[in-house]
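Inspection log for the structure reproduced underneath, given as structure tokens.
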Amino acid sequence: MDRKRIDLISGDITLLYVDAIVNAANTSLLGGGGVDGAIHRAAGPDLLAECVKLNGCETGRSKITDGYKLKAKHVIHTVGPIWRGGYSDENLLLASCYQTSLELAKEKKLNTIAFPGISTGAYGFPKDIAALIAVNETKRFLKKNSYPHKVIFVTYGDDNYEFYRKLLNK
Ligand code: ADP
């Protein structure tokens with residue numbers, strides 16, 4: 001796998017010009033706090049109107065919509081697990097968020113996709129474990145697939161950046 005296919009940046013994911021940004025959504029897909037609220041605010045009400053039609057989403061699964069007023073063409077909504085101490089399949093479910101999001105990007109032949117730290121905010125997932133899962137699942141996927149061409153991890157004003165930086169040797 002070409003190392004240049006993974007990037008790490010710190011900043012607001014809603015400002016990125018990419019084919020898709022990933023939203024840390026909840027099972028209702030009807031918006032929420034954190035990055036979810038920021039994405040809906042930036043995309044405008046048409047995003048919510050499309051989300052209403054999707055009938056929610058299970059934890060560990062992902063659904064794609066348009067990006068509307070965002071600079072990103074699409075939003076991939078993935079539902080991360082709530083951390084409950086590590087005994088409720090949280091690791092598997094978080095891995096599945098990355099797999100199913102990447103699978104959608106592949107299906108749609110998207111070149112560039114950006115992920116926030118799924119589940120690492122209100123859902124309380126330990127950031128070091130979450131970063132390891134994000135990096136491992138992404139590397140595994142990129143080795144086998146030519147789409148998406150590039151994956152960007154976006155950290156936001158917290159210590160997440162260092163966890164990713166160490167794992168990616170940047
Ligand atoms: P979850 O409920 O899945 O934990 P949150 O939105 O609470 O989702 O947090 C997920 C991650 O997104 C956190 O690491 C948080 O710092 C980050 N985040 C919040 N707002 C933004 C943003 N505008 N751009 C990128 N990352 C963000």
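FYI, it's all coordinate maths here, none of it is from the lab. Just so it is clear, the structure is predicted and the values come from calculations on it, not from any experiment. Glycine also receives a Cβ, built like all others from the backbone with ideal geometry; neighbour counts cover every protein chain displayed.
Tabulated data
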quantity: Residue that is within 15 Å of the ligand (Cβ to nearest atom), assigned to a loop (DSSP other than H, G, I, E, B) and of a type in the set (Gly, Ala, Ser), where the choices are 122, 114; calculated: 122
quantity: First in the stretch 1-22 and farther than 27 Å from residue 57 by Cα, second anywhere and surrounded by fewer than 15 Cβ atoms within 10 Å (Cβ to Cβ) and not aliphatic (A, V, I, L, M), Cβ under 8 Å, 6 or more apart; calculated: 1/143; 8/170; 10/157
quantity: Matching residues in the stretch 80-111 - criterion: being within 12 Å of the ligand (Cβ to nearest atom) and part of a helix (DSSP H, G or I); calculated: 90, 93, 94, 97
quantity: Residue among 93, 54 that alone is crowded, with 20+ Cβ neighbours inside 10 Å, in contact (Cβ under 8 Å) with a residue 24 or more places away in the chain, on the phi < 0 side of the Ramachandran plot and not aromatic (Phe, Trp, Tyr); calculated: 93
quantity: Filter result (of a type outside the set (D, E, K, R), under 17 Å from the mean Cα position of the chain (by Cα) and part of a helix (DSSP H, G or I)) within the stretch 32-60; calculated: 34, 35, 37, 38, 39, 40, 42, 43, 47, 51
quantity: Looking only at the stretch 142-163, and only at residues there that are more than 14 Å from the chain's Cα centre (by Cα) and among the aromatic types (Phe, Trp, Tyr), the one that is surrounded by the most Cβ atoms within 10 Å (Cβ to Cβ); calculated: 163
quantity: Total residues in the stretch 39-63, condition out of contact with any strand residue (DSSP E or B) (no Cβ under 9 Å at 6 or more places or on another chain) and either polar (S, T, N, Q) or within 15 Å of the ligand (Cβ to nearest atom) (or both); calculated: 3
